[in-house]
Amino acid sequence: MTTETGWARPELLTDTEWLSDHLDDPNVRLVDCDPLPAYQRFHIPNAVWSVSHYWKGDGAEDGGLYAMDDPERFAELIGGMGIDDDTQVVAYDGSGGVYAARFWWTLDRFGLSSRLLDGGLDQWYADGRPLSRDNVRPEPRTFVAQPPQAETCCLIDEVVARQGDDSHVFWDVRSSGEWAGHNTRGTARGGRIPGAVHLEWLENLNQPVRTLKSPDELRATLAGLGITPEKTVTTY
């Protein structure tokens, strides 16, 4: 089922007009998900930095921010950003959405629904809206993380078990070089999951302002790859 917008889940997106009207809303927390130097250069007014643009790793070099399976650690980090269980979070970046979508997924994994700003900083800037260099430090709030939602992850045993299952699609969103195995990005082996289909994530976006393509255009492209609503889809 779709809505009048054409999106099946329109509540997961917002636009610059809505955000402009809600910048000073105390129940809205705007989160800039780009790397810290980009945030420090300029950002949307009232935006806080997301603590980590990648939300992975467990070493000292990234502050020990591995929180994928640690609800208490995650709750501490999110609460420190001025977010509680009733906060409407809007995530954005200036990188085509790659970091904001990762943050959105992390929130969803612990039970908090949020929104992505369609077009992110690119669209905000293109609309001629104001920018800021203020380092926003909100008052901490209490966030109660839910146990990690199992349906948000496909573990390796399921990947193996689903090989040859026509009801399950593995969608490889990496670059063509990574898909073909020429670009290993420093890993031991290059290549892809057997049977996976390929469409780089950037192909879902308009250019040069990187908003999502229309729902109808995306559905047609994905259907051509066998990615249809009745199937289970795992992206990687």
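For T235, the residues 5 or more places off, or on other chains, whose built amide H falls under 5 Å of its own are W171.
Taking amide H positions as modeled 1.01 Å from N, with prolines and chain starts lacking one, the residues under 5 Å from V90 and 5 or more places away or on another chain are R29, L30, V31, R115. In order along region 213-221, the phi-based Karplus estimate (6.51 cos²θ - 1.76 cosθ + 1.60, θ = phi - 60°) of 3J(HN,Hα) comes to 4, 5, x, 5, 5, 5, 4, 5, 5 Hz; Gly and Pro are listed as x. One Cα centroid belongs to region 67-132, the other to region 198-222; the line between them spans 21 Å. The ranking of C153, C33 by Cβ neighbour count inside 10 Å, starting from the fewest, reads C153, C33.
A cut-off of 5 Å between modelled amide H atoms, ignoring neighbours fewer than 5 places along the same chain, links V144 with D85.
By the count of neighbouring beta-carbon atoms within 10 Å, fewest first, W18, W55 end up ordered W18, W55. Using the Cβ-Cβ distance between R192 and R129 with R0 set to 35 Å, the FRET efficiency from 1/(1 + (r/R0)^6) comes to roughly 0.30. Projecting label points 7 angstrom from Cα along Cα→Cβ for S175 and A220 puts them 2.9 nm apart.
The string of couplings for region 195-206 from the Karplus curve (6.51, -1.76, 1.60, θ = phi - 60°) is x, 5, 9, 10, 7, 4, 4, 5, 5, 8, 10, 6 Hz, one whole number per residue in order, with x for Gly and Pro.
Using the Cβ-Cβ distance between C153 and W7 with R0 = 22 Å, the FRET efficiency computed as 1/(1 + (r/R0)^6) comes to roughly 0.40. Taking 0.36 nm per residue of separation and subtracting the Cα-Cα distance, full extension of the segment from Q88 to T234 would add 49.9 nm. Can you compute the helix-only [θ] at 222 nm over the chain? Use -39500 (n - 2.57) per DSSP H run of at least 4 residues, normalise by all residues, nearest 500 deg cm²/dmol. Result for the chain: -7000 deg cm²/dmol, rounded to the nearest 500.
Listing Y236, Y92, Y39, Y125 from the residue with the fewest other Cβ atoms within 10 Å to the one with the most, what is the order? Each step should come with its number before you reach the end.
Details: Y236 12, Y92 31, Y39 22, Y125 16.
Sorted ascending by nearby Cβ count, the order is Y236, Y125, Y39, Y92.
Laboratory data are not the source of any read-out in this text; all were calculated from the coordinates shown. Given the structure is predicted, the values throughout are model-derived calculations rather than measurements. Here Cβ is always computed from backbone atoms with ideal geometry, including for glycine, and neighbour counts include all displayed protein chains.
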